[in-house]
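Everything below concerns the one structure shown next.
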Amino acid sequence: MLFIAGLVIAAFIGVFYVWRNTTNPSIRRYGVGSAVAVLGASVSPIVMGQCSFAEHTSSVDKLLGYSLMFGGAWLALMGARTFWDRADGKEKSSAAVAGEIRTGGFRLGVWVPWLLLSPTLIILIVFLYFPAASTFALSTKLTRLGAPKSIDVCFTNFTELLIANPFLLVAYPLIAIGLIYAARFWVTHSLPGTLSRRGADAASGVAALSVFVALYAMFSPGGLDANGLLHVAYRPVYLNTIIISVGIVAFGMIGGLAVAYLAFRPIGGGSIYRTLLIWPYAISPAVAGVLFFMIFDPTAGIFTHVMDTWFGIDVPNYRESAILAQSSIILASGWKILGYNILFYLAGLQSVPLEQIEAALIDGASTWQRFTKIVLPALSPITFFLLVTNLTYAFFEVYATIDFMTKGAPAGKTSVAIYEIIRVGVNNGELGRGAAQSVLLFIAVIAITMWQFRTSGERVSYGGS
Amino acid sequence: MKYRLLALLAVIALVAAACSSSSDDDTATTVASGGDTATTVVSGGDTATTVASGGDTATTVAPAASGEVTDIDFWVAFSDEARLGFAQDKAAAFNAAHPDYNVEVTSFASYNDVFDAAILAVDSGEPPGLIHFFEAATRQALDAVDSSGTPIFKSVTDAIAGRTEILGETVVLDQVVSAARDYYTVDGSFYSMPWNTSTTVMFNNMDILNAAGITEPPATWADVTAACDAIAALDDGPSGCITWPNHSWFVEQSLGQQGELLGNNDNGRSDRATEVFLESDGMMAYLDWWKGLNDAGYYTYTGLQRDWDGTSNAYLAEEVAMLVYSSSDTTFFDTNATFTNQASFMPSNEAVDYVGNLIGGATIWMLDGMDTTTEDGALAFMNFFSNPENAAAWHQLTGYIPITTSGEDVLAAEGWYDESPNSKVASEQLAAAANTPASLGALLGNVVGIRDIITLAIEDILVNDVDIATRMATANAEANKSLSEYELLQGG
């Protein structure tokens, strides 16, 4: 019943999508649109045996079931749209594209490009798509390494990470999306340079932050719910991940640019100096963790010892304060990625147009103005690239550093998403839970990357004319 | 030109990123368990290899050898030179004495790594012969099955089948000290061969204690608190007073001392444990005392869970006067302490009758499915490994208790205990324990996860000043959920 209702809603979504995205749609197009949407929506319930709509499931389970159905419908419609756009002449047909780039090779047959692509495809399937699909499958199971059986638990591994109230789960993202659209509306309806536009810009920033706040509110703080399900306290993990990743990226990139800008100036022995700056990058995250542990450890630490014996200052144990523990992780991880950022910024600085800087110099621009108005925009493609790579690093490669420096101390305040995945999934052997958290991290990274590509399209300048 | 340079740099960086990320992964897996990289070491010095390879020497030394050498893989969860080295030396000695066999020691970073690797190896059809796995996870080892549902380990008692000698090596399984034998006997069967076995003892810096006017190591919680009061009053005293790792083993020891059960069904010994008790009176009393010491500034928390190194360093650096620790490092402290180091029993709760401390450590498990020749070789090696001389040497090297009564006899005859009285404390403490389910210790499923829940809750209590009862109620719910899921998947 609930499943059928979902299909009916999906059909309406199909009609709505066609109405929004095509000019002068025919009745037939509406029919096809709703059929495609129904098809897309039924994939996940069929694969999972409609488990989320079973009798004993909680409303949050049903909500997740519906989200997956409508998400599937939306993806199917997006796929269908490429065909419609081609039919409507909005996009070049493949024949036209092939005509433009026609070369000898393609005339041999359709299978030739596939043959040439096959090594890559095989590697992608074996090492990427298959493990990814297995992770999705695992995330719906209660299972352990080496256990003789596993039990299908539908969305429980996800439900227990979220708050138990389905209405708030829907309301929070809607409020965040509403704020974003309202801010965008304000921006488009205000003139540049006016007070109103400045207010609108500020509102856009707040609206973007509201997404993070909404997610924070959606994750569970832990505890038992009315259905007797013990929730995982995932809210602190989410917060730690945000604080530590943002810290690492900010420290790594601002520090990297600052050092690169200084090192770029002509200095004696500059090349040796610049090479040395890049060295921390060659160190593995584990070693970075050990190094900083050796520096700040309260018993055996060098820094602690020096401060105590030379200056008589009693340095507190960094692992017993949340702020110190998180800062030390940011420092160690940021320091490790610093060399990488310096490398790219050094290279990027060489491509900053000298003529423009000279012209600005003649016009009387100060050093700071030259830096912000010419150098920074010229570096924007590199900054964008580094933002993506640094975020990926901050999300995925900090496990070893954290494990050596704090092991999540104090009481989980430095336990970020990836640390939690390995702790739960590998160390405790709860594979299903670990997989569910991986899926969550996977979605987060995809969402952030998509958002970056969208927003940076407006701000990144690739130079040229 | 500059664009070309940029492109070149980008390529170099990408290649470097690819290389480093793969190596990072390697490190990360090892690091997860906090030890050295797994290394394969073929045991057997030059002699053994020559003998085994069937050269001229081999024909003279082992005329009976058909030239076929039976390999036995022995996976060990130690990676430090002393303990791994001991295993390698003994394997080499065994190989030299039995040219038909080649026991090959492989080192892993942790017990979990050994176990996970063994399960995967069984699935892929190339299992090792013997693996080294820790005491509290005995339930997990008994529950381990292959893809067809057959248990992957074979009972050592069953395999010995009453023999007193295998391949010329005397069987010592029946000489194992009672504390270890009772711990590892499940459903009436002694499954695995004990190796490293210890208990918790307290190490005392007698120089500081004497300076504070205390002549005997504190025996009870009240004694410890009183001693800390006295030490805090010293002008040039240490910054802390006492420490021990925030490891669930110490909690389990305290429950044993107070006669409290951690799991139902007699700590999982009369039947499978299906419930854990993290809110018992004994638990509350222990945590109250611990938290009190911490709040008074007497207990030094290093800020890391399961921090063996940090606590040991704090003791050796005289930042604390007392250290509750594993007896496994008795020799290490005797050698490295620059002060008068005296071992004593783990302090206990004076308000209740003392029941008993439990063992800790690990045993050697034998995998099922080997042919008779290989299995006999594995059995012979295990009994050789713990023969009286080896058991005594192992004890002297580390401080793990001599695992057999015959080993104890060798040490007594040598006069070792008169020479190093600290080494006797662990055995004495275990001998003083009553043989009850509480003091034997719990056998629980998913013990790693449950221990993790306990230590995390304690860290929260120590660092964040949360209410003990409330925090343990949450931990209790989490641990019971974890155990019930384990039982659902793996119980019978």
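The values are calculated or read from the model by the stated rules, or taken from the named source; none is laboratory data. Only a predicted model underlies this, so the values are computations on that prediction, with no experimental measurement involved. Glycine also receives a Cβ, built like all others from the backbone with ideal geometry; neighbour counts cover every protein chain displayed.
Quick grid of which residues meet (1) assigned to a helix (DSSP H, G or I); (2) farther than 18 Å from B:Val463 by Cα; (3) under 26 Å from the mean Cα position of the chain (by Cα); (4) in the same structural domain as B:Gly240 (by TED's automatic domain parsing):
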position	(1), (2), (3), (4)
B:Trp290	yes, no, yes, yes
B:Thr311	yes, no, yes, yes
B:Val324	no, yes, yes, yes
B:Phe332	yes, yes, yes, yes
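Filter segment A:320-332 for residues that are within 12 Å of chain B (Cβ to nearest Cβ) and in contact (Cβ under 8 Å) with a residue 60 or more places away in the chain and give the result. It would help to see each step written out before you state the result.
Within segment A:320-332, the first condition is being within 12 Å of chain B (Cβ to nearest Cβ), and the residues that meet it are A:320-322, A:324-325, A:328.
The answer is A:Glu320, A:Ser321, A:Ala322, A:Ala325, A:Ser328.
Output the number of the condition that B:Ala87 fails; it satisfies all remaining conditions of (1) over 14 Å from B:Ile364 (Cα atoms); (2) within 20 Å of the chain's Cα centre (by Cα); (3) away from chain A (no Cβ under 14 Å).
Condition not satisfied by B:Ala87: (1).
Test each condition in (1) of a type in the set (Ser, Thr, Tyr); (2) free of Cβ contacts under 8 Å to residues at least 40 places away in the same chain; (3) under 19 Å from B:Glu428 (Cα atoms) for B:Thr404 and report the one that comes out false.
B:Thr404 satisfies all of (1) of a type in the set (Ser, Thr, Tyr); (2) free of Cβ contacts under 8 Å to residues at least 40 places away in the same chain; (3) under 19 Å from B:Glu428 (Cα atoms) except (2).
Using beta carbons and a limit of 7 Å, which pairs, at least six apart or on different chains, have the first residue in segment B:226-244 and without any contact (Cβ under 8 Å) to a residue 24 or more places away in the chain and the second one of a type outside the set (Lys, Arg) and crowded, with 17+ Cβ neighbours inside 10 Å?
B:Ala230/B:Ala212; B:Ala230/B:Ile214
Of all residues being of a type in the set (S, T, N, Q) and part of a helix (DSSP H, G or I) in segment A:201-260, which is farthest from A:Leu441 (Cα to Cα)? Just the residue, please.
A:Ser204
Of all residues in segment B:110-145, which are crowded, with 17+ Cβ neighbours inside 10 Å, out of contact with any Pro (no Cβ under 9 Å at 6 or more places or on another chain) and of a type in the set (D, E, K, R)?
Listed by number, the residues that qualify are B:Asp113, B:Asp116, B:Arg139.
Against the condition part of a helix (DSSP H, G or I) and in contact with an Asp or Glu (Cβ under 9 Å, 6 or more places away or on another chain), how does A:Ala263 come out, does it pass?
no
Of the conditions (1) over 15 Å from B:Asn246 (Cα atoms); (2) at pLDDT 95 or above, B:Glu319 satisfies every one except a single condition; which number is it?
The single condition B:Glu319 does not satisfy is (2).
Is it the case, given these coordinates, that A:Leu291 is more than 10 Å from chain B (Cβ to nearest Cβ), within 30 Å of A:Phe344 (Cα to Cα) and touching a residue at least 12 places away in the same chain (Cβ under 8 Å)?
Working: more than 10 Å from chain B (Cβ to nearest Cβ): yes; within 30 Å of A:Phe344 (Cα to Cα): yes; touching a residue at least 12 places away in the same chain (Cβ under 8 Å): yes.
Criteria met by A:Leu291.
Output the qualifying pairs, or none if there are none: Cβ atoms under 6 angstrom, residues six or more apart or on different chains, first residue in segment A:209-235 and closer than 17 Å to A:Asn157 by Cβ, second residue in a loop (DSSP other than H, G, I, E, B) and of a type in the set (Val, Ile, Thr).
The qualifying pairs are A:Ser220/A:Ile163.
Let's see how each residue does on (1) more than 30 Å from A:Phe384 (Cβ to Cβ); (2) within 13 Å of another protein chain (Cβ to nearest Cβ):
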{"position": "A:Val237", "(1), (2)": "no, yes"}
{"position": "A:Gly252", "(1), (2)": "no, no"}
{"position": "A:Gly256", "(1), (2)": "no, yes"}
{"position": "A:Thr275", "(1), (2)": "no, yes"}
{"position": "A:Pro280", "(1), (2)": "no, yes"}
{"position": "A:Ala286", "(1), (2)": "no, yes"}
{"position": "A:Pro298", "(1), (2)": "yes, yes"}
{"position": "A:Phe303", "(1), (2)": "yes, no"}
{"position": "A:Asp308", "(1), (2)": "yes, yes"}
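Among the residues of segment B:285-302, is there at least one that is within 23 Å of B:Asn476 (Cβ to Cβ) and of a type in the set (Gly, Ala, Ser)?
Yes.
If the requirement is being assigned by TED's automatic domain parsing to the domain that holds A:Leu346 and either outside any helix (DSSP H, G or I) or touching an Asp or Glu at 6+ places or on another chain (Cβ under 9 Å) (or both), which of these qualifies: A:Val424, A:Val388?
Step by step, each of A:Val424, A:Val388 is checked, and only A:Val424 is assigned by TED's automatic domain parsing to the domain that holds A:Leu346 and either outside any helix (DSSP H, G or I) or touching an Asp or Glu at 6+ places or on another chain (Cβ under 9 Å) (or both).
Mind listing whichever residues of segment A:127-156 are more than 7 Å from every other protein chain (Cβ to nearest Cβ), in a strand (DSSP E or B) and surrounded by 16 or more Cβ atoms within 10 Å (Cβ to Cβ)?
Hit for segment A:127-156 is A:Lys141, nothing else.
Restricting attention to segment B:292-308, and to residues there that are more than 15 Å from B:Ala457 (Cα to Cα) and of a type in the set (A, V, I, L, M, F, W, C), which single residue is nearest to the other protein chains (Cβ to nearest Cβ)?
B:Trp308
State which residue is surrounded by the most Cβ atoms within 10 Å (Cβ to Cβ) when the search covers only segment A:226-235 and only residues that are among the aliphatic types (A, V, I, L, M) and within 14 Å of chain B (Cβ to nearest Cβ).
Per the criteria, the residue is A:Val232.
Identify, from the list A:Ala394, A:Ala411, the residue that is assigned by TED's automatic domain parsing to the domain that holds A:Ala260 and without any contact (Cβ under 8 Å) to a residue 24 or more places away in the chain.
On inspection, the qualifying residue turns out to be A:Ala411.
Scan A:Phe442, A:Phe371 and give me the residue that is more than 14 Å from chain B (Cβ to nearest Cβ), within 23 Å of A:Cys154 (Cα to Cα) and out of contact with any Leu (no Cβ under 6 Å at 6 or more places or on another chain).
Checking each option against the conditions leaves just A:Phe442.
Find all pairs meeting these conditions: Cβ atoms under 9 angstrom apart; at least six residues apart or on different chains; first residue within segment A:340-355 and of a type outside the set (Asp, Glu); second residue outside any helix (DSSP H, G or I).
Once the first residue is of a type outside the set (Asp, Glu) and sits in segment A:340-355, its partners that are outside any helix (DSSP H, G or I) give A:Ser351/A:Gly463; A:Pro353/A:Gly463.
A:Thr241: in the same structural domain as A:Lys336 (by TED's automatic domain parsing), under 22 Å from the mean Cα position of the chain (by Cα) and surrounded by 15 or more Cβ atoms within 10 Å (Cβ to Cβ), yes or no?
Here the answer is yes, as A:Thr241 does meet what is asked.
Looking only at residues that are among the hydroxyl-bearing types (Ser, Thr, Tyr) and buried (at least 24 other Cβ atoms within 10 Å of the Cβ) in segment A:398-417, which one is farthest from the other protein chains (Cβ to nearest Cβ)?
By that ranking, first place goes to A:Thr414.
Cβ-Cβ below 6 Å, separation at least six or inter-chain, first residue in segment A:197-208 and within 11 Å of A:Arg184 (Cβ to Cβ), second of a type in the set (S, T, N, Q): which pairs?
Taking only residues 6 or more apart or on different chains, the pairs are A:Ala200/A:Ser190.
Restricting attention to segment A:52-69, which residues are surrounded by fewer than 17 Cβ atoms within 10 Å (Cβ to Cβ) and modelled with pLDDT of 90 or more? I'd like the intermediate steps shown before the answer.
Of the residues in segment A:52-69, the ones surrounded by fewer than 17 Cβ atoms within 10 Å (Cβ to Cβ) are A:54-56, A:59, A:67.
Passing the criteria: A:Ser59, A:Ser67.
Go through segment A:280-353 and tell me which helices (runs of 4 or more DSSP H), entirely inside it, have 2 or more residues that are aliphatic (A, V, I, L, M) and buried (at least 16 other Cβ atoms within 10 Å of the Cβ).
A:285-296, A:322-350
List, please: which pairs have Cβ atoms under 7 Å, are six or more places apart or on different chains, and start with a residue in segment B:193-222 that is farther than 30 Å from B:Ala378 by Cα and end with one that is surrounded by fewer than 16 Cβ atoms within 10 Å (Cβ to Cβ) and of a type outside the set (A, V, I, L, M)?
From segment B:193-222, the pairs are B:Asn205/B:Phe339; B:Met206/B:Thr340; B:Asp207/B:Phe339; B:Asp207/B:Thr340; B:Thr220/B:Glu350; B:Trp221/B:Glu350; B:Ala222/B:Glu350.
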